[in-house]
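What follows is a single structure, written as structure tokens, with notes after it.
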Amino acid sequence: MSDKEPETAANPMAAMLGGGGKSRVAEFIANPRKAVWKLSVPVMAGMAIQTLYNIVDMIFVGRLGGNAVAALTFNMPIVFFAMGITFGLGTGATSVIARFIGSDDKESADNAAEHAMLVGLVVGALIVAGALLFNEQIFAMLGAEGEVLSLATQYFEIVVLGFLFQILNVTFRSIMSGEGDTRTPLALQGSGTLFNVILDPIFIFSLDMGVRGAAVATVVSQGLVFIAFVGYIFVRKGTYVEFRFRDFKPSARIAGDILRIGLPASASMVIMSVGGMFYNRIVSAFGAQAVAGLGIGGRMDAIFFLPVFALATSQITLAGMFVGAKRVDLIRETVVYTIIRAEIFSVAIGILFWIFARQLAGWFTDDPVIIGVAVEYVRVISCAFPFIAIGVISGRVFQGLGSGMPGLLLTSLRIVLISVPLAWTLTHFFDYGLRAVWISFAVSGFFTSILAVIWIHLRLRRVEAEMRRDS
């Protein structure tokens, strides 16, 4: 055990936030089911706060009109593209750090955290530069035109300035997740998100900045979160991993391990982002109101993804720690336990969406056409919720085990080979309406979930066989 552990008692703020500089491996092995919730609940709460912000943000922007909503919808895939790359690389860092901590190799865990920081800085700078250079061309390619194109560009040219803050914040969160602390990132990022909600109406309406105001509120809030992370990690030293950049030793093995998981995970996020761009392009053929309806539907189905992604995220840390500790039996136990709980959430939320879809969509806009599109989207996609949950959790288990390619291949199958081609074919060659696009989403989730279950079962059997040979 590290000599940093006694700091918990001496540092009450770190203890309250969930840090305190101690390893959590023994605690998680002793009660893996409790560990699922200890890791998931803070992530779920953080995502709930973020979802609340997304909903409130869209409600505020919705008061500016349908074109403003469509403008933010066109921004969503681009922002998701940038954040997707970062979350993917962060996943690699989480998995590597968790496996080193699980095998009681703290020095390598520290080194992995330092590598993750450097990767975040480089990637952040490249993304911001590329986004500033090509934003207008991207929006035009996506089908934005006229006032929608102008509003989308106005929003993006401001919000991109905060990308570097967001990227580094995600990197900090990924490092802390690897050591089993999801509570502290919740406290820091959640506070920033709530601050963003407060700033939104001030900048949008009081200062009469319109969609620009929503972007300014986001940049200011992310900057404050970044300052809070720096203070907690580098000033308070509240994490188990330690940053000693003066003693930093480049390691091809650690960097390669992070990238072997992170690059496929990033590619999966990029594919989802590009898929979102194609969906917007396909849907834009039905008009700006259809795009706005898709955007509102996407905000609504975030309520489903909230618990599912939170539960899935716990599997990266737990699978990594347990494989490092050579406890594959606990991986299998937590995977089954987590999937069953995710299915309960999926069915319950799907039923609620079917019943209350129109009322939920009415929170965002009073345009009956936009509401109709959003309602149809949510009711169709909710039928696929149980299958999507299985695919999401399985992909995170693979990442925790140190493999990024299975998740990438599953994502490619779902988007590149099934949903986008099917939606394009049904709408352009067979003249089916928007419902065909939503059905394409649901069909792709069904087929990939079947493959994911089979694949994860075979992979765990292989890991068990490898450990028996090594013992």
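Just to verify a result, which residue in region 74-119, among those that are of a type in the set (V, I, T) and within 17 Å of the chain's Cα centre (by Cα), is surrounded by the most Cβ atoms within 10 Å (Cβ to Cβ)?
Taking region 74-119 and keeping what is of a type in the set (V, I, T), we get 78-79, 85-86, 91, 94, 96-97, 101, 119.
After this cut, where a residue has to be within 17 Å of the chain's Cα centre (by Cα) as well, the list is 78-79, 85-86, 91, 94.
On the way: I78: 22, V79: 19, I85: 24, T86: 25, T91: 29, T94: 32.
Here the answer is T94.
Go through region 120-140 and report how many residues are in contact (Cβ under 8 Å) with a residue 12 or more places away in the chain and not aliphatic (A, V, I, L, M).
Going residue by residue through region 120-140, those that are in contact (Cβ under 8 Å) with a residue 12 or more places away in the chain are 120-121, 123-125, 127-128, 131-132, 135-136, 138-139.
After this cut, where a residue has to be not aliphatic (A, V, I, L, M) as well, the list is 120, 124, 135-136, 139.
Qualifying residue count, region 120-140: 5.
So which of G180, G231, G190 ends up being under 26 Å from E114 (Cβ atoms) and touching a residue at least 60 places away in the same chain (Cβ under 8 Å)?
Working: G231 fails: touching a residue at least 60 places away in the same chain (Cβ under 8 Å); G190 fails: under 26 Å from E114 (Cβ atoms).
Checking each option against the conditions leaves just G180.
Output the number of residues of region 404-440 satisfying the condition of being touching a helix residue (DSSP H, G or I) at 6+ places or on another chain (Cβ under 7 Å) and either under 17 Å from V270 (Cα atoms) or not in a helix (DSSP H, G or I) (or both).
We begin by selecting, within region 404-440, every residue touching a helix residue (DSSP H, G or I) at 6+ places or on another chain (Cβ under 7 Å); these are 404-408, 410-416, 418-420, 422-424, 426-427, 432, 434-440.
This time we only want the ones that are either under 17 Å from V270 (Cα atoms) or not in a helix (DSSP H, G or I) (or both), so: 404-408, 410-416, 418-420, 432.
Qualifying residue count for the region: 16.
To keep it simple, each residue is scored yes or no on (1) farther than 22 Å from D104 by Cβ; (2) crowded, with 24+ Cβ neighbours inside 10 Å; (3) acidic (D, E); (4) under 14 Å from the mean Cα position of the chain (by Cα).
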{"residue": "G295", "(1), (2), (3), (4)": "yes, yes, no, no"}
{"residue": "I303", "(1), (2), (3), (4)": "yes, no, no, yes"}
{"residue": "A325", "(1), (2), (3), (4)": "no, no, no, no"}
{"residue": "D329", "(1), (2), (3), (4)": "no, no, yes, no"}
{"residue": "V335", "(1), (2), (3), (4)": "yes, no, no, no"}
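Output the number of the condition that M13 fails; it satisfies all remaining conditions of (1) modelled with pLDDT of 70 or more; (2) assigned to a helix (DSSP H, G or I).
M13 satisfies all of (1) modelled with pLDDT of 70 or more; (2) assigned to a helix (DSSP H, G or I) except (1).
Among the candidates R461, R396, which residue alone is modelled with pLDDT under 90 and either out of contact with any Pro (no Cβ under 9 Å at 6 or more places or on another chain) or acidic (D, E) (or both)?
Testing whether each residue is modelled with pLDDT under 90 and either out of contact with any Pro (no Cβ under 9 Å at 6 or more places or on another chain) or acidic (D, E) (or both) leaves just R461.
Give the residues of region 419-443 that are in contact (Cβ under 8 Å) with a residue 40 or more places away in the chain and either in contact with a strand residue (DSSP E or B) (Cβ under 9 Å, 6 or more places away or on another chain) or surrounded by 19 or more Cβ atoms within 10 Å (Cβ to Cβ) (or both), sorted by residue number.
S419, V420, A423, T427, L434, V437, W438, I439, F441 - these are the residues of region 419-443 that are in contact (Cβ under 8 Å) with a residue 40 or more places away in the chain and either in contact with a strand residue (DSSP E or B) (Cβ under 9 Å, 6 or more places away or on another chain) or surrounded by 19 or more Cβ atoms within 10 Å (Cβ to Cβ) (or both).
Residues to consider are R183, R212, R173; find the one that is at pLDDT 90 or above, basic (K, R) and surrounded by 24 or more Cβ atoms within 10 Å (Cβ to Cβ). Spell out how you get there, then give the answer.
Numbers: R183 fails: surrounded by 24 or more Cβ atoms within 10 Å (Cβ to Cβ); R212 fails: surrounded by 24 or more Cβ atoms within 10 Å (Cβ to Cβ).
R173 is the lone residue from the list that is at pLDDT 90 or above, basic (K, R) and surrounded by 24 or more Cβ atoms within 10 Å (Cβ to Cβ).
A quick yes/no check of all residues on (1) assigned to a helix (DSSP H, G or I); (2) on the phi < 0 side of the Ramachandran plot; (3) among the small types (G, A, S):
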position: A112; (1), (2), (3): yes, yes, yes
position: G130; (1), (2), (3): yes, yes, yes
position: A144; (1), (2), (3): no, yes, yes
position: V148; (1), (2), (3): yes, yes, no
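So F387 passes all but one of these: (1) over 30 Å from I261 (Cβ atoms); (2) surrounded by fewer than 24 Cβ atoms within 10 Å (Cβ to Cβ). Which condition number does it fail?
Tallying (1) over 30 Å from I261 (Cβ atoms); (2) surrounded by fewer than 24 Cβ atoms within 10 Å (Cβ to Cβ), F387 fails exactly one: (1).
The values are calculated or read from the model by the stated rules, or taken from the named source; none is laboratory data. Since we're looking at a predicted model, the values are computed, not measured. Note that we place each Cβ from the backbone using ideal geometry, even for glycine, and neighbour counts take in every protein chain shown.
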